[in-house]
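Below: the structure, in structure tokens.
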């Protein structure tokens, strides 16, 4: 009896629910008769008011909703009728997973992340939340490595294609030692495209067993050149002034450009060591050490800076091998002078503060070193022409170091020392290359950075280069149409030889007659619009303006390598180091 009563009660409840709501959770309503009673054999669609006969079967009603009203959200409808919500989504398709895997591989390569990051639970959770797919699993390390190798080969082919179309290629090279005490040689390539765009990218970071011998260094450069098939296109190699690099450059059949930034920094170091700034700088270093070696002292300094509404910045030491670090140290001390004094007055210390005269020395040193930083940063760029700016920049530096009657004795001593040291070092750099590069830059072709007695000699040398270049280019096109060959024969015996001799001079005269462009203008943009009018000089402009003034591109390359070969990845294979560093550089440009 209880079972029958229970079943009867359930049926009554269902009937009452359907009378109130209608079939399929209210998607349909029962039709009312004229007398107000409910006709349970007829239902009406709540969306289109269409009538249907109803005999306790939902098939026809579901079919109607599926084809006429796909937006229906009835839980009794089929799964295909239900819309996805903001909190749930169907699993990702295979194509989407494939794209995501490639993107993860590119991210790891571009930002120098360790391969093991795909095993982080946080990464998997983040992707699941973002994709709304709780079943997603990140790819394994082997899959990512395979994709990175494939990505490297794809990007390498693009670089090889670019180098195959380049007429001249300049290189920079430098050695670097990893945390695992492994030596690497980094090489970057620089060339100007047919569209007059300066292109720079990494070629390799190869492991080297020997880097101290000149012959070994030279062979390493030759190996890189052969591997990339650019032996006949290399014009110049920029390196630092290390003895092994300079000696290797003498062996190689290419021009050599010592790093101008290294030269300037070395002159600064030598001049500071023999000047009147020694005592003041020694006190500055002790003050910086007082706050850097004690976290408690640094906290007190930051509190004072905050109370004075000043920027909470740490002090920094100067390092002889870190460019412009002395200037950075004294500038931070000068900006925080009041906060430092206030902090030290609250502490018990044995520091000897700078006197007013020594603070004056520090301020004058800032004025002296600021032009050096400006020149160093200017010549260290790789996205613009820098080689042609070396002589004007050094001339500017010499002018700023001219002694005046108002200069105190210690300033005079520093200026004279750095001028003499720069002059002696400048004689060892590739002057001939720099002069031609300056002349081919429409911003500096007046050659005011050179003594007047040397200016005409540059144009004479350039004219000789044009004469040497003409036979080489005529040999490249000697398989031209017979008509051109006949014209050459017709010229034999005429006085056109004298005409050929003056053609380079006329080309140079036309170029020199062009107005000088502003410093803010791009010389490559100028050549792009004037190459047709100066077609004889254009190839030389591509050759000389593509050379970098410094080895800074390799310095930046090793900065990336330091992130790749860290303590957690000290055992990384040299092949993978090369691919990771190069990919990070190549993908940065895209």
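Throughout, read-outs are computed from the coordinates displayed, never taken from laboratory work. Values in this document were obtained by computation on a predicted structure and should not be read as measured data. Note that we place each Cβ from the backbone using ideal geometry, even for glycine, and neighbour counts take in every protein chain shown.
Extension gain for the segment residue 94 to residue 273, taken as residue separation times 0.36 nm less the Cα-Cα distance, is 57.9 nm to one decimal. I'd like the FRET efficiency for residue 243 and residue 360, computed as 1/(1 + (r/R0)^6) with the beta carbon distance as r and R0 of 30 Å, rounded to 0.05. That pair, residue 243 with residue 360, gives E of 0.15. In terms of the mean number of neighbouring beta-carbon atoms within 10 Å, the peptides 350-361, 456-467, 163-174 order highest first as 163-174, 456-467, 350-361. Per-residue Cβ neighbour counts within 10 Å put 54, 28 in the sequence 54, 28, beginning with the fewest.
Dividing the alpha-carbon radius of gyration of region 94-149 by the rule-of-thumb value 2.2 N^0.38 Å gives 1.05.
Quick note on region 99-198: its Rg to Rh ratio, both from C-alpha atoms and Rh being the Kirkwood radius, is 1.11.
If region 369-462 were replaced by its equivalent ellipsoid, with semi-axes equal to the square roots of 5 times the Cα gyration tensor eigenvalues, what would those be, largest first, whole Å? Could you put the intermediate results ahead of the total?
Details: eigenvalues 135, 52, 26 Å².
Equivalent ellipsoid of region 369-462: 26, 16, 11 Å, largest first.
What is the ratio of the Cα radius of gyration of region 316-400 to 2.2 N^0.38 Å, with N the residue count, to two decimals? The partial results should precede the final answer.
Working: Rg = 17.0 Å, N = 85, 2.2 N^0.38 = 11.9 Å.
Computed over Cα atoms of region 316-400, the ratio equals 1.43.
For the peptides 186-197, 293-304, residues were scored by their other Cβ atoms within 10 Å and the scores averaged per peptide; the highest-first order is 186-197, 293-304.
Here each label is just a point 7 Å from Cα along the line to Cβ, and for residue 48 and residue 505 those points are 9.4 nm apart.
Arrange 582, 140, 112 by Cβ neighbour counts within 10 Å, fewest through most, would you?
Values: 582 24, 140 12, 112 18.
Starting with the residue having the fewest Cβ neighbours, the order is 140, 112, 582.
With q set to 0.12, 0.16 Å⁻¹, the log10 of I(q)/I(0) for region 386-439, from the Debye formula over equal scatterers at the Cα positions, is -0.33, -0.54.
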